[in-house]
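See below for the structure under consideration.
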Amino acid sequence: MEIVLRRPDPARLDEEADAAMAVQRTTLQATLPGLPHPHTEEEDRAWMRDNFARCSVWLAVDGDRIVGVATRSGALVRQLYVATDRTRAGIGQRLLDAMLAEAVAESILTVDLWTFQRNAGARRFYERNGFVAMEFTDGASNEEREPDVRYRRSIRASAAGG
């Protein structure tokens, strides 16, 4: 089945937010073993529902299954996760491209995001997509206390297919 990118369905908002959070949680567990998880599942679901209400959200859907999620608030990409069994299929690229195209349409000139320093796959992906490391931290200011890195990308219409 073809992967469809779409916005959350307002009639199924809680269900889809829960499914998107499940993608994030399982992806983090698989890609960053030992990463502390400071929240309960219910706290995570509440946070995701709040993101769905306040952020721009794109879902990658295969039939009825959510296999990817990306959220953006202004110039900050807050999340970009793809189910571990669906990586390397171009889903992350499609989600990122949708976010960048939307930012261009909103006249946003740069986009920032954070990832953990040891997330080598994510870092390679962002760097291939023109993101540049701007700041490295020791993790003291994030909930996981995990060293992270802030990336930035300058965008313009031609960079996002527009």
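We did not get these values from a lab; they are worked out from the coordinates using the rules stated. Keep in mind the model is a prediction, meaning the values are calculated, not measured. Glycine gets a Cβ as well: all are built from the backbone with ideal geometry, and neighbour counts include every protein chain shown.
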Selection count where residues are surrounded by fewer than 18 Cβ atoms within 10 Å (Cβ to Cβ), closer than 18 Å to ALA70 by Cβ and not hydrophobic (A, V, I, L, M, F, W, C), scope the range 104-139: 10
Given (1) assigned to a loop (DSSP other than H, G, I, E, B); (2) within 27 Å of ASP9 (Cβ to Cβ), index of the condition ALA140 fails: (2)
Any pair with Cβ under 8 angstrom, 6 or more apart, that starts in the range 95-121 at a residue that is at positive phi and ends at one that is buried (at least 18 other Cβ atoms within 10 Å of the Cβ) and part of a strand (DSSP E or B): none
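If you scan the range 26-41, which residues turn out to be among the hydroxyl-bearing types (Ser, Thr, Tyr) and either part of a helix (DSSP H, G or I) or touching a residue at least 40 places away in the same chain (Cβ under 8 Å) (or both)? Spell out how you get there, then give the answer.
Filtering the range 26-41 down to residues among the hydroxyl-bearing types (Ser, Thr, Tyr) leaves 26-27, 31, 40.
Within the range 26-41, THR26, THR27, THR31 meet the criteria.
May I ask you to say which residue of ASP44, ASP18, ASP85 is without any contact (Cβ under 8 Å) to a residue 40 or more places away in the chain and surrounded by fewer than 13 Cβ atoms within 10 Å (Cβ to Cβ)? Don't jump to the end; show me each part of the working.
Numbers: ASP44 fails: surrounded by fewer than 13 Cβ atoms within 10 Å (Cβ to Cβ); ASP18 fails: surrounded by fewer than 13 Cβ atoms within 10 Å (Cβ to Cβ).
Exactly one of ASP44, ASP18, ASP85 is without any contact (Cβ under 8 Å) to a residue 40 or more places away in the chain and surrounded by fewer than 13 Cβ atoms within 10 Å (Cβ to Cβ), namely ASP85.
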Residue count, the range 75-121 (criterion: polar (S, T, N, Q) and within 13 Å of the chain's Cα centre (by Cα)): 3
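From the list VAL4, VAL67, VAL23, exactly one residue is touching a residue at least 60 places away in the same chain (Cβ under 8 Å) and in a strand (DSSP E or B). Which is it?
On the way: VAL4 fails: touching a residue at least 60 places away in the same chain (Cβ under 8 Å); VAL23 fails: in a strand (DSSP E or B).
Within the list VAL4, VAL67, VAL23, the selection yields VAL67.
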Every residue from the range 49-64 that is under 22 Å from ARG86 (Cβ atoms) and surrounded by fewer than 13 Cβ atoms within 10 Å (Cβ to Cβ): GLY63, ASP64
